[in-house]
Structure formats: C-alpha cells, structure tokens
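One structure is given below, encoded as structure tokens.
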C-alpha cells in the first residue's frame, strides 16, 4: 500500500462537519422524564432491579446485566421510578424501559475511592468495565468487557481506537479528541493493561490534522502507543476497513477482529472505559452531535443517557424549518425516525435533521449495470447482482455470491445513478438468511 | 411535529450522479466526432444524425405508449443509441436507413428485452449489424462527394499503402463518426476524466489487438500498418464508446479485462483472416453474448477472503 493508509473502494460524500465541528461540548440538564430501554446493547436485555415508586440517585444501578453478553444500566438523574413499560426506541420497536421522573436535584451516589491504573489487576479492570455497563458506543453496542475478553489475550497484538469518524456530519468524536484527548489515551492505556503483547493504535482520518497533532503530542513518550493517519474516505471507520488500513490485516464476515490479533473500540467507548476504571463512574453520558440543515444551532452535547430527543433539538435552537427527515446517527448508517419521541441510548452518536429527504426525492429507475456500486463497495462484492438476487429471493445464489460479506455501509445505494435501494435490498436479504441460520 | 416523518433504510443521502446525467455526458463526449463527421462529410451527415436520433426516440416513445409502460425517453439513452448508430452509417446511404436501423435497435434489441439495462447486446451495434446484413450494398458503399473508392482498411487489406496521417485526423472515407481518431479520443478523454469510463476495456482491447496484429498479420511490427488499423474501421469508436457500454459489458473488474482482450483477439481474427476488412461491430456484439459467462468466471473475491488487495 503506497501512500496513505486506506482500503479499496469507498466514497466521498458531502461531510457537513463544518456545521458543528467548532462547537465545544456543552452539558444538557434534562427536564422531562428519562427513559432507559433495557436493550441498549447486543445480547440479553438488562433486568430491572428497581420498582415503580423507588427513589434513585444519579449513578445508581437500575438494571442488572442479563447474562455475560449483556450490560447493566444506571440512572443518570436522581428521581423516582415512574414506570417500567414498553417505550419506542430509535429503531422503531417498543422496548421495555425504565422511566424515571427527574427531581431536578442531580444527587449522586458515592463512587468510592479511585486509584491509579497501576494499582489495578487485570481482573479488576475488566470487572470495572463490565460493572459500568460500557458498550460499543460507535453504534453496534457490543458489550465492551466481552470484546476485551478474547479466548487468547496473549495473541492480541493491536488495540485500536477508532478515531476515524468517517460518517458525514458527526463531530462528537472530533470534539472529544480536541477537548479531552487525555481520556482517550488514558482509556486506551486501561485496555492495553489487559494485553501484555499489544500495541495501541489511535487511527485518525487525515481531515482532522489538529486531533492528530494533539494525540501525537500526548503520546510522544508512550512507547506502546502510535497515532496512525488514515486517508479520509467513507467507510474508513468500518471495523474491517479500519483494521486493514491500520495493520494490513483483513477479516471476513466469519471472523472477529481478535482472530487477527486486533481489538477495536470507538472514541466515546474508550472515554467511558477511562471513566469506569479511573473514576469508578458508570456509563451515564455520551456525546451527541445535533446537526443538519434543519437545526438552528448545530451543537455537540454531553447528554445524560435517557434524555428525550425533543430536548436535544430544543437545546440546539429548535428547527429553522420543519425537517423532512430525522436520523439518529449519521446519514450513511443511521436510523430514520418517525418522530422525536425517543430516548438517547448508549449507541446514539448523533441526531441529524435534514430539510430535504433525498431518498424519497430520488425515484429508482432501471439498473444500467454501470458498476459504480462495484467500485465503491468496500466489501469488494457485486452489490448490483446481490440486490437482484435479493429481489428474486434467491438465498443460495446470494450466499454463493458472497452476500453475507456486506457490512451494510450504504456506499452502493449512495453512488447508484439509478437511485436503486441496493443496501436496503441486500440488508433485508442478509437479515432473512441470518434469521434462518439461527432457527437451525 | 404532529405527523410522522418518512423513514427509510440507510443510507439517507444520495450522490448527485444520475442515469440521465451520465447519458448526457456520453452524448457530449461524442460531439467532437459528430462535429468532425459533419465537417468531413457535409450536411447530409447531419440529416442522417437527426433522422436516426428522432427515430430512436420516437420508437421508444411509441413502444412505451403502445405497451402502456412508463415513458422512459427522459433518460436520454435512446438519443445516445440513435447518435451512435448514425455515427456508424456511411454518409451515402439513403436517409431512411438510419430510421429503420434505429427502430430495430430500440424496439427489437432493447425494448423487447425489457428496456434500458435489460438488453444483452449493444442496441446501436445490433442495429448496425441488422442493417449490414439486410442492406449490405447500401451499408458498404463509402463513395460520397468528399471521397471515392474503398475505405482505408479495405485498401490496406488489398495491399495498398494508405495515408496514416489523414487516417488519424479523419480525412478519409468511412462511416460518419468513425474516421477521426483524434476527435474520438478527445471525447473519450472527457469521459475518462469524469470517471464515467475507465481504461480497462479500451486499454486491454487495443493492446491485445495490437499484439494480435504483430503476431499474425505477417506485417510484423510495422508502425504504419498498426496505426492504420487502430485509426480505421471504427476501432476507436468501438473501444471507447461501444465496448464500454455499461449494460452490455461485464460488471466485474477482472471480467472487463477478459472482455477487452477477447474483443481485441476477435477483431484481429475478423480483420486479418476474415473476408471483410472490418470487424469491430461483430467482435463487440459477439463479446456482448459472452458477458454472462465472463461474469460467472470472474466473480471477485470479497474483502477478507483475498479481495481486499483490489
């Protein structure tokens, strides 16, 4: 690979980051009820340990992990448990949630004595991360302690922090890197403490030279940590593409990063690891970019998990114009919302409000076989052909043509000149096949 | 916020490139060759172009109306087919011939197979070959006001020397749009710069054809001979504008090289060993027929299974 570290394929969409990149992170104090869905992560749902009417404090555990692959949930305000009932979440499902009425006092629990990283054993670090309810905050929500417990810890050679932030419009990771880079480096050191043979990599896209300089300065005396500059391209932050760009190793859909000796964590996750291990604080906040051309004052907020999206929009000055499309997350991989009445969860990186809905404005027409999707596909498959197979319902053909290798990044739909919903077709076919496999 | 917003699967943004923008760019890229054709052969060439394009668009419109389908002429692909076919007509042919050819190209080759994107053969070339077979003498008579006698390739085949300089510039007999290598390559560069086409097919086509000539033409490495072959007989028009037709070329990267090489070899066989002097059109439509097979054997390896290195 000559030149910059990158991968083949990918796209360069309008990045929209200028809207919010220079807006410092500010705190939001929620006023309404806070809603905590019991499934904010991959794995078993959490189990409530509070009852209606209970008084809770900020930082108090309200739901216990439902298994090893699961994560506990903590109250982020003080108040009274109002109900435990289904509540609509970002993906559109109604999920059992704990609702807490905020008393506005923000009384906190005592987090106990903190101690330096060196005083921790590996087991202690892992247990603290698990107890704090840390999950992958880039979007997937995979419990972090599971990720950090591979079968053979000695074979982990790289712990990578995903500082790419390749999704357009998102600036939350950028702000964290600019404002509290020591938390990222500190969190990475906590993870590195678990793996004796591992080196730490901070992988940043080259459109953030200020972050690169900051992180380099901060890690210049750290022998185990290097900052790597990646080419700016979407989806540079996709796990497989990131590992490939940073280490030259490639994994397919049947492998985990640990199979090639890598562990990848997102910026906000690493910051949460820092909080869990060195401050004894559970995961209660996340950084959310509220942006888009329909937002009056695009901002980056430190949001208490459970805060309603309505409040985020209010704090960002409301709408300049009623948006046609509201997306939780970035425009490439985020979830479109019916309305704003959903809570901020551990995995919500942004709230994007767009004046125009480009998708419904673009009428799909016939595929002209132009091959732009093939050029753009970072998974190096043939999206146009896979979508055709999906339309026909040909599951065997779909698998034979490597349909399961798709990471649903959305590049094919983005570039398609015929505006065909390729990602959507491939995604639904993958879901059906995965469901079939689970049945067996 | 009373009403519910529209939701859709990711991604929520789309690029600005659309099918009709691509078609318009290709049409624009053909303008140098078109203008040179009109300059070279006179106003009659322009009439040919207008009639053929109108017939192509009219046939598609009529087909859509008769079959009660959505009107598809807005994608400009019929204009492109008509233009490409017109550029492949000899100027001396009767003016109705383009109309017949375009109607055949649109209705039989394209629309009957399901319209844009579904045809397995390049419509313009399908139309041209239909005309070549049906009206052979009209389609192979290159006598006109500007030039008389055979095309340079026919002369070359008969063992005569040809003026290579005139061939590169395009001041020779031939079909309306094929004569000027300079004009065609100029347009092709425009498409290459925009990324609408790439060099995989044209490059492998031209290179393999040149190698074939060197090996089998009994002229050895004769620059004049090779240059004459490259600039004559619509090879450039075929390589850059017709072999690269999205619909009828393989979608796989490896397949595109295979396709180009196959075209180079077939064109070589037709020109060197065949009875006629030309062979680009037939080579490309035969190549089109092999596309499903080529795609099957060149399905790429995905990322993480060896495909990540390109």
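The values are calculated or read from the model by the stated rules, or taken from the named source; none is laboratory data. Every value quoted in this text rests on a predicted model; they were computed, and no experiment measured them. Every residue, glycine as well, gets a Cβ built from its backbone with ideal geometry; the counts of neighbours run over all protein chains shown.
Here are the numbers for the structure shown:
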read-out	value
Count of residues meeting criterion [in a loop (DSSP other than H, G, I, E, B), more than 7 Å from chain B (Cβ to nearest Cβ) and surrounded by fewer than 22 Cβ atoms within 10 Å (Cβ to Cβ)] in segment A:380-406	2
Any chance residue A:254 is more than 14 Å from chain B (Cβ to nearest Cβ) and surrounded by fewer than 24 Cβ atoms within 10 Å (Cβ to Cβ)	no
Test for residue A:356: is it surrounded by fewer than 23 Cβ atoms within 10 Å (Cβ to Cβ), touching a strand residue (DSSP E or B) at 6+ places or on another chain (Cβ under 9 Å) and more than 9 Å from chain B (Cβ to nearest Cβ)	yes
Condition check for residue B:262: part of a helix (DSSP H, G or I), away from chain A (no Cβ under 14 Å) and modelled with pLDDT of 95 or more	yes
Among residues of segment A:325-345, those that are out of contact with any helix residue (DSSP H, G or I) (no Cβ under 6 Å at 6 or more places or on another chain) and either part of a strand (DSSP E or B) or more than 7 Å from every other protein chain (Cβ to nearest Cβ) (or both), counted	12
Complete set of residues in segment A:1-32 that are assigned to a loop (DSSP other than H, G, I, E, B), more than 14 Å from chain B (Cβ to nearest Cβ) and buried (at least 19 other Cβ atoms within 10 Å of the Cβ)	A:20, A:21, A:28, A:30
Residue in segment A:422-430 that is over 22 Å from residue A:237 (Cβ atoms), over 26 Å from the mean Cα position of the chain (by Cα) and outside the structural domain of residue A:332 (by TED's automatic domain parsing) present	no
Selection status of residue A:198, touching a helix residue (DSSP H, G or I) at 6+ places or on another chain (Cβ under 8 Å) and surrounded by 21 or more Cβ atoms within 10 Å (Cβ to Cβ)	yes
Answer residue from segment B:291-307, given it is part of a helix (DSSP H, G or I) and surrounded by 17 or more Cβ atoms within 10 Å (Cβ to Cβ) and is nearest to the other protein chains (Cβ to nearest Cβ) among those	B:307
Any chance residue A:351 is outside any helix (DSSP H, G or I) and crowded, with 24+ Cβ neighbours inside 10 Å	yes
Some residue of segment B:268-288 being within 14 Å of chain A (Cβ to nearest Cβ), surrounded by fewer than 23 Cβ atoms within 10 Å (Cβ to Cβ) and part of a helix (DSSP H, G or I)	no
Looking only at segment B:205-257, and only at residues there that are within 14 Å of another protein chain (Cβ to nearest Cβ), in a helix (DSSP H, G or I) and touching a helix residue (DSSP H, G or I) at 6+ places or on another chain (Cβ under 6 Å), the one that is farthest from residue B:90 (Cα to Cα)	B:255
Check on residue B:20, within 30 Å of residue A:325 (Cβ to Cβ), surrounded by fewer than 19 Cβ atoms within 10 Å (Cβ to Cβ) and within 11 Å of another protein chain (Cβ to nearest Cβ)	yes
Test: residue in segment A:239-253 that is in contact (Cβ under 8 Å) with a residue 40 or more places away in the chain and within 24 Å of residue A:106 (Cβ to Cβ)	no
Exclusive hit being modelled with pLDDT of 95 or more and either under 20 Å from the mean Cα position of the chain (by Cα) or over 30 Å from residue A:190 (Cα atoms) (or both), set A:30, A:72	A:72
Boolean, residue A:377 is more than 7 Å from every other protein chain (Cβ to nearest Cβ) and in contact with a strand residue (DSSP E or B) (Cβ under 9 Å, 6 or more places away or on another chain)	no
Some residue of segment A:299-314 being on the phi > 0 side of the Ramachandran plot, in a loop (DSSP other than H, G, I, E, B) and within 14 Å of chain B (Cβ to nearest Cβ)	no
Evaluation of residue A:364 against (1) more than 8 Å from every other protein chain (Cβ to nearest Cβ); (2) part of a helix (DSSP H, G or I); (3) under 30 Å from residue B:111 (Cα atoms) (one fails), failing number	(2)
Qualifying residue in segment B:29-41 (condition: free of Cβ contacts under 8 Å to residues at least 60 places away in the same chain and within 14 Å of another protein chain (Cβ to nearest Cβ))	no
Condition broken by residue A:209, with the remaining ones in (1) within 14 Å of chain B (Cβ to nearest Cβ); (2) in contact with a strand residue (DSSP E or B) (Cβ under 9 Å, 6 or more places away or on another chain); (3) surrounded by fewer than 19 Cβ atoms within 10 Å (Cβ to Cβ) satisfied	(1)
Test: residue in segment A:415-437 that is facing chain B (nearest Cβ under 7 Å), outside any strand (DSSP E or B), surrounded by fewer than 24 Cβ atoms within 10 Å (Cβ to Cβ) and without any contact (Cβ under 8 Å) to a residue 12 or more places away in the chain	yes
The listed residue being farther than 21 Å from residue A:150 by Cβ, touching a residue at least 40 places away in the same chain (Cβ under 8 Å) and either touching a strand residue (DSSP E or B) at 6+ places or on another chain (Cβ under 8 Å) or assigned to a strand (DSSP E or B) (or both), out of A:270, A:290	A:290
Residue within segment A:405-412 that is modelled with pLDDT under 95 and out of contact with any helix residue (DSSP H, G or I) (no Cβ under 8 Å at 6 or more places or on another chain) present	yes
Scan of segment A:321-340 for residues that are more than 17 Å from residue A:172 (Cα to Cα) and out of contact with any strand residue (DSSP E or B) (no Cβ under 7 Å at 6 or more places or on another chain), ordered by number	A:321, A:322, A:338, A:339
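Yes or no, residue by residue, for (1) under 16 Å from the mean Cα position of the chain (by Cα); (2) surrounded by fewer than 24 Cβ atoms within 10 Å (Cβ to Cβ); (3) within 22 Å of residue A:62 (Cβ to Cβ):
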{"site": "A:303", "(1), (2), (3)": "yes, no, yes"}
{"site": "A:315", "(1), (2), (3)": "no, yes, no"}
{"site": "A:325", "(1), (2), (3)": "no, no, no"}
{"site": "A:335", "(1), (2), (3)": "yes, yes, no"}
